[in-house]
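The values are calculated or read from the model by the stated rules, or taken from the named source; none is laboratory data. As the structure is a computational prediction, the values presented were derived from the model and not from experiment. Neighbour counts run over all protein chains shown; Cβ positions are idealised from the backbone, glycine included. Heads up: the accessible areas ignore ligands, DNA and RNA and are worked out on the full protein's heavy atoms, side chains in. Shrake-Rupley method; radii C 1.70, N 1.55, O 1.52, S 1.80 Å.
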Amino acid sequence: VLDERKRDLVYPKRINPITTFPGAPIHIDGTRTPQGGGHFQPVPERRGTIFIEQSLKRALAFLKHQPNTEETRNIANSTITAFLIVQMRDGAFATNDPATAFFVDTSEAINPPSTIFAGRMEIRVGLATAKPVDWVILSFSQDTRALEEELASA
C-alpha cells in the first residue's frame with residue numbers, strides 16, 4: 001500500500017500494510033496485533049511482555065518444592081523486582097520509577113491458606129509498558145512569538 005489514504009483505511013481494521021517511503025526499504029507499517037481487545041496490543045509490547053513472562057518462569061523454577069512461606073514469597077518478590085528493574089533501565093516501561101513502572105504482589109491476600117494447601121504460590125505482576133509510536137503527526141503554524149512579545153510590551 002503506497003497511498004497514505006489507503007493505509008488510513010486499513011489501520012482501523014488492525015491491518016499493518018506493507019509499504020515503502022522515499023528512501024526507505026519495503027516494510028510493514030504499523031505495530032498492532034490482529035486482536036482488537038485485551039492487553040498489550042502493539043507487537044513490541046506483546047513481545048516484551050512474553051519475554052518477561054518466560055524469563056520469570058525460568059528464573060522462579062528454583063522455588064518449586066520449597067516451603068510456601070512468607071520468606072519464600074519474599075524471595076520470589078525480590079527476584080522478580082530485580083529482573084524488572086533491569087528491564088525498566090533498558091526502556092521496557094513507560095517510566096523509570098519502579099513504583100509506577102511495575103508492581104509485584106505475593107501477599108497473603110492472594111495466597112490464603114487454601115491456595116497454600118493446594119500447593120500453589122500466586123504471584124501478580126503488573127507492567128506499565130512503553131507504548132510504541134504508531135504515527136508521527138506534525139502540526140504547523142506561523143511563528144508569531146515576536147509579534148506577540150511586541151504587542152505585550154506596548
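Here the chain has 58 percent of its accessible surface on carbon and sulfur atoms, given a 1.4 Å probe and all protein chains in place. The charge dipole of segment 91-154, taken about its Cα centre with unit charges on the Cβ atoms of Lys, Arg (+1), Asp and Glu (-1) only, comes to about 480 debye. Across segment 78-85, computed HN-Hα scalar couplings (Karplus, 6.51 cos²θ - 1.76 cosθ + 1.60, θ = phi - 60°) run 5, 4, 5, 4, 4, 5, 5, 5 Hz from first to last residue, x flagging Gly and Pro.
The shape of the chain can be summarised by an equivalent ellipsoid whose semi-axes, obtained from the alpha carbon gyration tensor, come to 45, 24, 13 Å from longest to shortest. Under a 5 Å amide H cut-off, with hydrogens placed 1.01 Å from N, PHE93 pairs with ALA130 among residues at least 5 apart or on other chains. With θ taken as phi - 60° and the Karplus curve 6.51 cos²θ - 1.76 cosθ + 1.60 applied, the whole-hertz 3J(HN,Hα) list for segment 99-111 is 5, 10, 7, 6, 9, 10, 10, 10, 5, 5, 4, 9, 10 Hz, x standing for glycine and proline.
Length gain on complete extension for the stretch VAL86 to ALA118, per 0.36 nm per residue less the alpha carbon to alpha carbon distance? That works out to 8.3 nm of additional length. When the Cα positions of GLY48, ALA146, THR69 are compared along the charge dipole of the chain, THR69 comes out farthest toward the positive end, with charges on each C-beta of Lys, Arg, Asp and Glu.
At most 13 other Cβ atoms within 10 Å plus a DSSP loop assignment makes a site exposed; report the longest stretch of the chain without any exposed chymotrypsin sites (Phe, Trp or Tyr not before Pro). Answer from the scan: 1-134. Could you please report the charge total around ASN74, scoring K, R as +1 and D, E as -1 over all other residues with beta-carbon less than 13 angstrom from its beta-carbon? It works out to a net charge of -3. Rounded to the nearest 10 degrees, the inclination of helix 43-59 to the longest alpha-carbon principal axis of the chain is 20 degrees.
Exposed loop positions in the chain were taken to be trypsin sites (Lys or Arg not before Pro) whose DSSP state is not H, G, I, E or B and which have at most 14 other beta-carbon atoms within 10 angstrom. Between these positions, the longest stretch is 65-119. For segment 1-71, the dipole from Cβ point charges (+1 on Lys and Arg, -1 on Asp and Glu) about the Cα centre works out to 260 debye, to the nearest 20.
The magnitude of the dipole of the chain, with charges of +1 and -1 set on the Cβ of Lys/Arg and Asp/Glu and taken from the Cα centre, is near 920 debye.
From zero up to wherever the largest Cα-Cα distance of segment 21-105 sits, split into 10 Å bins and tell me the percent of pairs in each. Final binned percentages: 14, 35, 29, 15, 5, 2, 0. What the Cβ-Cβ distance of ARG47 and ASP8 gives, at R0 = 30 Å and to the nearest 0.05, is a FRET efficiency of 0.75.
Distances between placed amide hydrogens fall under 5 Å for PHE102 paired with ALA128, all partners being 5 or more residues away or on another chain. Taking every DSSP helix (H) stretch of at least 4 residues in the chain, weighting each as -39,500 (n - 2.57) and dividing the sum by the residue count yields a mean residue ellipticity at 222 nm of -12000 deg cm²/dmol. Per residue, the solvent-accessible area of the chain (1.4 Å probe, heavy atoms of protein chains only, all protein chains present) comes to 73 Å².
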